[in-house]
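All remarks here apply to the structure that follows.
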Amino acid sequence: MTSLYLSVNSDFMFLVMIGPPGAGKGTQAKRLAETLGLSHVSTGEIFRQNISRKTELGLRVKELLEDGTLVPDDLTIELVQDKIDQLVNGSGAIFDGFPRNLEQAKALDDMLLLHDKGVDLAPLINLSDSNIIERLTGRRTDKDTGKIYHLIYDPPPDNANVEQRSDDKRDTVLRRIEDYHQSTVPMLAYYDDRDLLCEIDGDNTIDQVTTALLEVIRGRVFA
């Protein structure tokens, strides 16, 4: 993978990774964090950590998730604020899964502004609805190892004990796509108006997407 880490100064760089479900945001955020020396801030991981530690906020999140309820904006923002306060004096961060809507985007700006910082770039990994459905509904998870396969692109071995997670079932995938169009797509103009949005073709391979992301970061943030 192409590395920019030795050739750029990534101090206090903050990136917002945006994309529909199945676009590979988490995978790319982890790669960029490693390559650029940034912290990877994943709301899913923040939720899991707080639940594991049985913090007051974590217990509230656990109750909501068990009821099948989305974690509300105010609670999500509070958890992210705590994380930002911990890492803001480091080399910066890439946000994965946050913000998901305009309210969260404005809250992130307010949180960073408290530390005289702001979002430097908002990469958007584009993927068509039809490809999202194919990618997610074809995924199968090995119940014994946790390894994820795909019925078309990476079929599981015949003896694998696989299952389709509830998140990958068609009805759920369609609902997640609808949520993305209703909540996240309207947020794109917020970043585009400030010339922070950059679009990447999510139909390419993982390595190709990573290379495209690194190139646009080099051209837009470090130009």
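The values are calculated or read from the model by the stated rules, or taken from the named source; none is laboratory data. Because the structure is a prediction, the values reported are computed rather than measured. Here the Cβ positions follow ideal geometry from the backbone for every residue, glycine too, while neighbour counts run over all protein chains shown.
The table below gives the values:
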quantity	calculated
Qualifying residues in the range 183-204 (those that are under 17 Å from I133 (Cα atoms) and out of contact with any Ser or Thr (no Cβ under 8 Å at 6 or more places or on another chain)) - the one surrounded by the most Cβ atoms within 10 Å (Cβ to Cβ)	G202
Number of positions in the range 174-207 that are more than 16 Å from K25 (Cβ to Cβ) and among the basic types (K, R)	2
Residue under evaluation Y149, criteria (1) aromatic (F, W, Y); (2) modelled with pLDDT of 95 or more; (3) touching a Ser or Thr at 6+ places or on another chain (Cβ under 8 Å), criterion not met	(2)
Residue check, L124 touching a strand residue (DSSP E or B) at 6+ places or on another chain (Cβ under 6 Å), aliphatic (A, V, I, L, M) and closer than 19 Å to L196 by Cα	yes
Search result, residues across the range 209-223 that are assigned to a helix (DSSP H, G or I) and surrounded by 13 or more Cβ atoms within 10 Å (Cβ to Cβ)	V209, T210, T211, A212, L213, L214, E215, V216, I217, R218, R220
Residue in the range 168-175 that is more than 30 Å from G92 (Cα to Cα) and assigned to a loop (DSSP other than H, G, I, E, B) present	yes
Options L15, L38; residue that is over 20 Å from D74 (Cα atoms), free of Cβ contacts under 8 Å to residues at least 60 places away in the same chain and touching a strand residue (DSSP E or B) at 6+ places or on another chain (Cβ under 8 Å)	L38
Yes/no for V71 being touching a helix residue (DSSP H, G or I) at 6+ places or on another chain (Cβ under 7 Å), within 21 Å of H181 (Cβ to Cβ) and of a type in the set (V, I, T)	yes
Number of positions in the range 41-87 that are in contact with a strand residue (DSSP E or B) (Cβ under 9 Å, 6 or more places away or on another chain) and in contact (Cβ under 8 Å) with a residue 24 or more places away in the chain	8
Output for the range 156-180, where each listed residue is surrounded by 12 or more Cβ atoms within 10 Å (Cβ to Cβ) and either over 23 Å from S130 (Cα atoms) or at pLDDT 95 or above (or both)	A160, V162
Residue identified as loosely packed, with under 13 Cβ neighbours inside 10 Å, of a type outside the set (S, T, Y) and modelled with pLDDT of 90 or more among D110, D96	D110
Helices (runs of 4 or more DSSP H) enclosed by the range 1-80 - at least 2 residues per element that are at pLDDT below 90, touching a Gly at 6+ places or on another chain (Cβ under 7 Å) and within 14 Å of F95 (Cβ to Cβ)	43-53
Residue list for the range 57-93, restricted to those being of a type in the set (D, E, K, R) and either surrounded by fewer than 19 Cβ atoms within 10 Å (Cβ to Cβ) or over 24 Å from L197 (Cβ atoms) (or both)	R60, K62, E63, E66, D67, D73, D74, E78, D82, D85
